[in-house]
Amino acid sequence: MIAMTARVRWELSDSLVLARRNLEHVRQIPEKLLDVTFQPLMFVLLFAFVFGGVIDVPGGNYHEYLLGGILVQTLAFGMMGPGTAIATDMQEGIVDRFRSLPMSRSAFVLGHLMAEMAAITLAMVVLSVSGLIVGWRIESDLPHALAAYALLFSFAFSMVWLGMLVGLTVRTPDAVMGVAFLVVFPLTFVSNAFVPAAGLPDGLRQFAEWNPVSAVVAATRELFGNPSAPTASPPWPLEHPVIAALGWCLVIAGISAPLAIRRYRQRTVD
Amino acid sequence: MTVSHHGVHAEGLGKRYGDNWALADVDLDVPTGTVLGLLGHNGAGKTTAVRILSTLARPTTGTATVAGFDVVADPLAVRRSIGVAGQYASVDGLLTARANLELAGRLYHLPRDVVRRRAVELLGRVGLADKAGDLVKTFSGGMRRRLDLAASLMAEPPVLFLDEPTTGLDPQSRSDLWDLLREMVRDGGTLVLTTQYLDEADRLADDIMVLDEGRIAATGSPAELKRRVGGERIEVTAPEASDLEAASSALGGYADGPVSVDDGRLVIPIRTGTRLMEIVRSLDSAGVEATDVQRREPTLDDVFLTLTGSARRAPACPTEGREPDSEEIAA
């Protein structure tokens, strides 16, 4: 038991050392934070003031509708950070340095996970504050609001794992961006993140309704008490968005995390 | 099996990648406080040997102990006892030089104050004291190598592995690095070093192991090896094969080993004390139309030529559109 606790402490402290390394990167190159600060802020302003005037949300105001969508979109694109960071490390041979040191094996992956979750937290704060400025409000109570943030965290967690899997799979850091656009772009734009899915043409509408992003967005709106543009007979995931969203998070993390760890082992065992 | 041996010890070490044995049947023994130079071309198995000994790769066959610990059974104990500096300086470009060293120190689990002190001390020792706060991505290749070396020294490990520490460095950086390494070894460190340069192995190593296609081609002290390989070479370049033959017979008297012709050049190991002027005069009186005559130190190619009787080309610099041909001419 003592040995076990010592081991966990050892792994945690090594992971923290490596997480701090990523944060130090940010201190050296502050532009690295743009994608979790300035970029989401731009999206809020762009959608609120450029598209906001022309998009009509039945039963609510667009600024309140919008924020859930932008939060989830930012977290979905949040896979790019860990993906690029890990792919860069794998390419630069620094992993060999780490592996020749008497550190915990899992600390490399866990360190990236911790650092990315910290960055994601910052993004959520930036988005929430800028949302409040443009007129978004939490209409539910505190427990529901906390539940909404907890759900967003779970989604971010699963997307960071997905990003690490991609970063460990591709050969160059640049490829991460390609994969992200190929996968995350359609998922976030063909969804209910910015416009109600009901208005989409057949085919796209079904995709949007069953898309994991839509479930998480709908759940976030429900928990914040924001308008969600309900339709007469919503499909199952949008009728039970919280359960569907949690299910999707479990599926994404449940598949990505073990695969990422396996991939890391494969690429470092020789 | 209890192993009381320290330093580095390996028996029957082999590593197979697919169908290719990158390393086969390598036995080695590096007593504490000595330097082993692994000498060979690219692809000779030097890096594979170092990767196995530093726990980065698992051997397909054989066993190895480093500082008394088995590399397969107890990799963590081995990692606590070693420093590794790779061929591709594994430093973090987005951190400062000091932060790189502190990162390594923390991952060796050294106390915080020791980490700070050692980082400053080592930056001074590798001549980067004034660059401590600079981002490593702005560093030149030589500076990265020196930082990488410093990182491998953070825990003052008893055993050090350096994979081609001076490849790609300019002559000044090379000789600075040699001084640094000699200083380290003087302090009692055990060092395994790989290199493609005969002079580097000669200057730094107590023992040299020549690797060729994953196997040991020769072992011995630098003095023994040099005795076998001979001293300086004379290279005669001429456009016509007949001129090279004429040169070969004209200079036969100066030869101190097998003469070879390779790529339009005649290479002759010469007896110590032979003057370049004598060579040029002999060529001139034999009527040889030489375009170039030069004197140089023996290289790794000469080692292979002497030991195996055939020139072994480094795969990194292939001769284009032509099979590496070499023929021996009896001296």
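Laboratory data are not the source of any read-out in this text; all were calculated from the coordinates shown. Bear in mind that the values here come from a model prediction, so they are computed numbers and not experimental data. Cβ placement follows ideal geometry from the backbone for every residue including glycine, while neighbour counts extend to all protein chains displayed.
Please report the net charge: other residues with Cβ closer than 12 Å to the Cβ of A:Pro241, K and R +1, D and E -1.
It works out to a net charge of -2.
Tell me which aspartates and glutamates have Cα within less than 15 Å of B:Lys226's Cα, excluding those fewer than 8 residues away on the same chain?
Those aspartates and glutamates meeting the cut-off are B:Asp199, B:Glu200, B:Asp202, B:Asp206, B:Asp207, B:Asp256, B:Glu297, B:Asp301, B:Asp302.
Identify the residues of the stretch A:59-91 with backbone N under 18 Å of a label point that sits 7 angstrom from the Cα of A:Leu23 along the Cα-to-Cβ direction, or state none.
Only A:82 fall inside the zone, counting backbone N under 18 Å.
What is the Cα coordinate range of the protein assembly as shown on the first, second and third principal axes, sorted by size from largest, in whole angstrom?
106, 59, 47
To test your reading of the geometry: what angle, between 0 and 90 degrees and rounded to tens, separates the Cα axis of helix A:241-268 from the longest principal axis of chain A?
For A:241-268 against chain A, the angle is about 20 degrees.
Give me the net charge for the shell around A:Ala145: Cβ to Cβ below 15 angstrom, other residues only, Lys and Arg +1, Asp and Glu -1.
Summing Lys and Arg as +1 and Asp and Glu as -1 gives -2.
Taking 0.36 nm per residue of separation and subtracting the Cα-Cα distance, what length does fully extending A:Met42 through A:Ile243 add?
Value of the extension gain: 69.3 nm.
Between B:Ile279, B:Ile208, B:Ile82, where does the largest GNM mean-square fluctuation fall for chain B, given springs only between Cα atoms within less than 10 Å?
Looking only at B:Ile279, B:Ile208, B:Ile82, the largest GNM fluctuation is found for B:Ile279.
Just to check I understand the Karplus step: with θ = phi - 60° and J = 6.51 cos²θ - 1.76 cosθ + 1.60, what whole-Hz values come out for the stretch B:154-169, glycine and proline as x?
3, 9, 6, x, x, 10, 10, 10, 10, 9, 6, x, 10, 4, x, 8
Determine which lysines satisfy two conditions relative to B:Lys137: a Cα distance under 24 Å, and not lying fewer than 8 residues away in the same chain.
B:Lys137 reaches A:Lys32.
On a straight-distance basis, which lysines could pair with B:Lys46 in a cross-link, Cα separation under 20 angstrom, same-chain partners fewer than 8 positions away excluded?
B:Lys15
Could you tell me, in Å, what Rg and Dmax come out for the Cα atoms of the stretch B:169-218?
For the stretch B:169-218, the Cα-based Rg and Dmax read 12.1, 34 Å.
Roughly what angle does helix A:173-189 make with the longest principal axis of chain A, taking Cα atoms, 0 to 90 degrees, to the nearest 10?
Once rounded, one gets 20 degrees.
If I take the Cα coordinates of the stretch B:18-145 and project them onto the principal axes, what are the three extents in Å, biggest first?
Per principal axis, max minus min of the Cα coordinates gives 46, 31, 28 Å.
Which value at 222 nm does chain B reach when only helices count, each DSSP H run of 4 or more adding -39,500 (n - 2.57), with the total divided by all residues and rounded to the nearest 500 deg cm²/dmol?
Taken over chain B, the calculation gives -10000 deg cm²/dmol.
If each residue's Cβ is checked for other Cβ atoms within 10 Å, how do A:Met4, B:Met184 rank with the fewest at the top?
A:Met4, B:Met184
What is the P(r) of the stretch A:59-191, as percent of Cα-Cα pairs per 5 Å bin from 0?
That works out to 2, 10, 17, 19, 17, 12, 9, 6, 4, 2, 1, 0, in percent per bin.
Using 1/(1 + (r/R0)^6) with R0 = 60 angstrom and r between the beta carbons of B:Thr32 and A:Val54, what's the FRET efficiency to the nearest 0.05?
Details: r = 78 Å, r/R0 = 1.30.
Approximately 0.15, to the nearest 0.05.
Only residues of the stretch B:99-125 count here: report those whose backbone N is under 14 Å from the spot 7 Å along Cα→Cβ of A:Ser13, or say none.
Residues passing the 14 Å test: B:105-115.
Could you put B:Lys46, B:Lys137 in order, starting from the residue whose Cβ has the fewest other Cβ atoms within 10 Å?
Details: B:Lys46 27, B:Lys137 13.
Ascending number of Cβ neighbours within 10 Å: B:Lys137, B:Lys46.
Report, in deg cm²/dmol and to the nearest 500, the calculated mean residue ellipticity at 222 nm for chain A, where each DSSP H run with n ≥ 4 adds -39500 (n - 2.57) and the sum is divided by the residue count.
-24000 deg cm²/dmol
Can you say what percent of the DSSP beta bridges in the protein assembly as shown, counting only those with both residues inside, are antiparallel? Round to 5.
Values: 37 of 55 bridges.
Approximately 65 percent, going by the DSSP bridge assignments.
FRET efficiency for B:Ser282 and B:Arg228, Cβ-Cβ distance as r, R0 = 25 Å, nearest 0.05?
0.45
Given the Cα-Cα distance of A:Met4 and A:Thr172 and 0.36 nm per residue of separation, how much length would full extension add, in nm?
Roughly 56.8 nm would be gained on extension.
Distance in nm between label sites at B:Asp187 and A:Thr121, each 7 Å beyond Cα in the beta-carbon direction?
In this crude spin-label approximation the distance works out to 4.0 nm.
Counting only other chains, what is the mean number of Cβ atoms within 10 angstrom of the Cβ of each residue in peptide B:104-113?
Details: counts 5, 2, 9, 13, 3, 7, 0, 0, 0, 0.
The per-residue average across the peptide is 4.
To the nearest whole number, what is the average tally of beta carbon atoms from other chains within 10 Å of the beta carbons of peptide A:9-20? Provide the component values of the computation, followed by the final result.
Values: counts 0, 1, 0, 0, 3, 3, 0, 1, 6, 3, 0, 3.
Partner-chain Cβ atoms within 10 Å, mean over residues of A:9-20: 2.
Let me confirm one metric for peptide B:90-103, namely the mean number of other chain beta-carbon atoms within 10 Å of its residues' beta-carbons.
What the average comes to for B:90-103 is 5.
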